[in-house]
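Asker: Dropping a structure here in structure tokens format, bear with me for questions.
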Amino acid sequence: MSEKIAPITEHLEELRRVMLISLVSIFFASILSYFLFLNTIKDILLEPIKKLGMNLVFLGVTEGIFIHIKLALMGGIILASPIVLWQLLKFFLPALHVHEKRVFVPAFFLALFLFISGIFFAYKYALGLGLKVLLIDFSGGLTPMISISKYISFIIAFLVPFGIVFEIPIITYFLTCLGLITPQFLREKRGYVILGMFILAAVLSPGSDVISQLLMAIPMLILYELSIIISWLIYRKKEKEKEEAGL
């Protein structure tokens, strides 16, 4: 009985250690970010709306300080991410077999790269267009007065889903490797998937406007077509290996 409980207790203790180190790392990285990188983070996030010639305001007495704390926390998470990721790898890797480790580690960092790529794509190409359409083209001649808190919340809600959406190719890769999907299946279900993507874009996009939904749905459609190609390559490789094994 105690032999069965001991490993679980050890895993829970290890998980607690991982969470503690991660939280402490984020805490100190946030303090460092507040004193060294706060203005840089703020300039990066405010650049898209400044290009439109607009200034932000804060409406509450404490809104200014809280938004700086929020930005410092964002910077702290980014700065501490190598430590957090390393702790997660140390926690999961011992449970994997050698051949699983060979796949897991590259896939883990590829997923991270795709997530960052999605956020970068959204910031560089979609965010500016979305703000222009929402604040100028659809303003109806009204003058917008946007609080910095609402703006930062919109930015986060706009960027993060793009990072998640960019994980579609790697998800397709693993599902194809596991034999759960085939390229034929993806082609046959394309119509349903397109409909589902527009519904998902409507749910994930920060606004209820069509433009925000299109800006998210179009990359999803492109990534889906890329996923079909990836699935086809993996499926063809598996079929070739089966033929060689049969020979």
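Any read-out appearing in this document is the output of simple, stated calculations on the displayed coordinates, not a laboratory observation. Remember, it's a predicted structure, so these values are computed and weren't measured experimentally. Counting neighbours? That spans all protein chains shown, and the Cβs are built from the backbone with ideal geometry, glycine included.
Asker: Compute a Gaussian network model of the chain, connecting alpha carbons closer than 10 Å, and tell me which residue from 65, 77, 116 fluctuates the most.
Answerer: 65
Asker: Mind checking the full-extension length gain between residue 102 and residue 16? Use 0.36 nm per residue of separation minus the Cα-Cα distance, one decimal, nm.
Answerer: Gain in length upon complete extension: 28.3 nm.
Asker: Okay, next question. Report the chymotrypsin sites (Phe, Trp or Tyr not before Pro) located in the range 121-152 that are in a DSSP loop and have at most 16 other Cβ atoms inside 10 Å of their Cβ, or state none.
Answerer: Loop-located and lightly packed - 138.
Asker: Sticking with this one: Tell me which of 37, 53, 23 sits at the most positive position along the dipole axis of the range 6-53, charges placed on C-beta atoms (Lys, Arg +1; Asp, Glu -1).
Answerer: So the residue furthest toward the plus end is 53.
Asker: Counting only helical runs of four or more DSSP H residues, what would the 222 nm mean residue ellipticity of the chain come to if each run contributes -39,500 (n - 2.57) and the total is spread over all its residues?
Answerer: Taken over the chain, the calculation gives -27000 deg cm²/dmol.
Asker: Note down the magnitude of the dipole of the chain about its Cα centre, charges +1 on Lys and Arg C-beta and -1 on Asp and Glu C-beta and zero elsewhere, to the nearest 20 debye.
Answerer: In total the dipole reaches around 220 debye.
Asker: Could you work out the relative contact order of the range 114-247, using alpha carbon pairs under 8 angstrom and six or more residues apart, expressed as a whole percent?
Answerer: After rounding, I find 32 percent.
Asker: Please report the relative contact order for the chain, taking Cα pairs under 8 Å with a sequence separation of at least 6, and give it as a percent rounded to a whole number.
Answerer: 20 percent
Asker: For the cross-link pairs 50/124; 189/242; 101/238, which exceed 23 Å when the distance is taken from alpha carbon to alpha carbon?
Answerer: Long pairs (Cα-Cα over 23 Å): 189/242.
Asker: Once you list every other residue whose beta carbon is under 13 Å from the beta carbon of residue 245, what net charge do they have if Lys and Arg are +1 and Asp and Glu are -1?
Answerer: With Lys, Arg at +1 and Asp, Glu at -1, the neighbours total 0.
Asker: How large is the Kirkwood hydrodynamic radius of the range 162-247, in angstrom, based on all distinct alpha carbon pairs?
Answerer: 14.0 Å
Asker: Taking the Cα centre of the range 148-229 as origin, work out the dipole magnitude from +1 charges on Lys and Arg Cβ and -1 charges on Asp and Glu Cβ, in debye rounded to 20.
Answerer: 60 debye
Asker: Mind listing which chymotrypsin sites (Phe, Trp or Tyr not before Pro) in the range 1-84 are in a DSSP loop and have 10 or fewer other Cβ atoms within 10 Å?
Answerer: none
Asker: Okay, moving on. Hey, what D do you get for the range 1-99 in µm²/s if you plug the Kirkwood alpha-carbon radius into Stokes-Einstein at 25 °C and 0.890 mPa s?
Answerer: It comes out at roughly 149 µm²/s.
Asker: Using the reciprocal of the averaged 1/r over all distinct C-alpha pairs, how large is the Kirkwood radius of the range 63-181 in Å?
Answerer: Result for the range 63-181, one decimal place: 17.3 Å.
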